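The values are calculated or read from the model by the stated rules, or taken from the named source; none is laboratory data. Keep in mind the model is a prediction, meaning the values are calculated, not measured. Here the Cβ is made from the backbone with ideal geometry for all residues, glycine too, and neighbour counts use every protein chain on show.
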Amino acid sequence: MTGPTDPAGDRFDVPPGFRAGVAPDQFDMEVDESGALLVSGEVDVLTAPLLWERLEPLIGTTRGPLTVDLGGVRFLDSMGLGVLVRAHKRLSEQDRSLMIRSPGETARKLFALTGLDSVFAFSEES
């Protein structure tokens with residue numbers, strides 16, 4: 001799998017399943033008592049695959065809307081957005097929805113900049 005570029009602009013390969021350097025204080029997830037996925041830390045090129053690995057089984061085993069709480073997310077990049085879009089598409093195929101709960105100001109700006117603020121449902125409840 002081809003990965004990101006280094007500062008010199010050269011591409012380097014990221015082996016499948018590569019998770020080195022992802023510390024719990026950098027990225028963490030848990031499902032709360034309501035079934036919402038609570039995400040904290042940084043959702044980026046290294047951690048977005050971990051987010052999908054957690055979302056995919058929830059999509060397959062839960063019913064109704066699926067809530068992803070971004071209240072603890074400090075950083076969200078295009079890879080993280082891509083995972084949320086993928087989850088939204090999978091849920092839409094099942095006539096279900098993805099609710100984004102408690103996105104921070106930076107995440108809200110990113111959703112607005114990309115036009116995804118009109119795609120996702122949002123909630124400020126925790």
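List of remarks:
- Residue ID - nearest to PRO57 (Cα to Cα), chosen from residues in the stretch 91-126 that are without any contact (Cβ under 8 Å) to a residue 24 or more places away in the chain and of a type in the set (Asp, Glu): GLU93
- Some residue of the stretch 21-38 being part of a loop (DSSP other than H, G, I, E, B), small (Gly, Ala, Ser), at pLDDT below 95 and more than 18 Å from SER123 (Cβ to Cβ): yes
- Summed over the stretch 89-126, the residues that are within 15 Å of VAL43 (Cβ to Cβ) and of a type outside the set (D, E, K, R) give a count of 12.
- Residues of the stretch 90-107 classified as surrounded by 13 or more Cβ atoms within 10 Å (Cβ to Cβ), at pLDDT 95 or above and part of a helix (DSSP H, G or I), total: 2
- Pairs where the first residue, in the stretch 27-52, is free of Cβ contacts under 8 Å to residues at least 60 places away in the same chain and the second is surrounded by 18 or more Cβ atoms within 10 Å (Cβ to Cβ) and among the small types (Gly, Ala, Ser), C-beta under 6 Å, 6+ apart: PHE27/GLY41; ASP28/SER40; ASP28/GLY41; VAL43/GLY80; ALA48/GLY80
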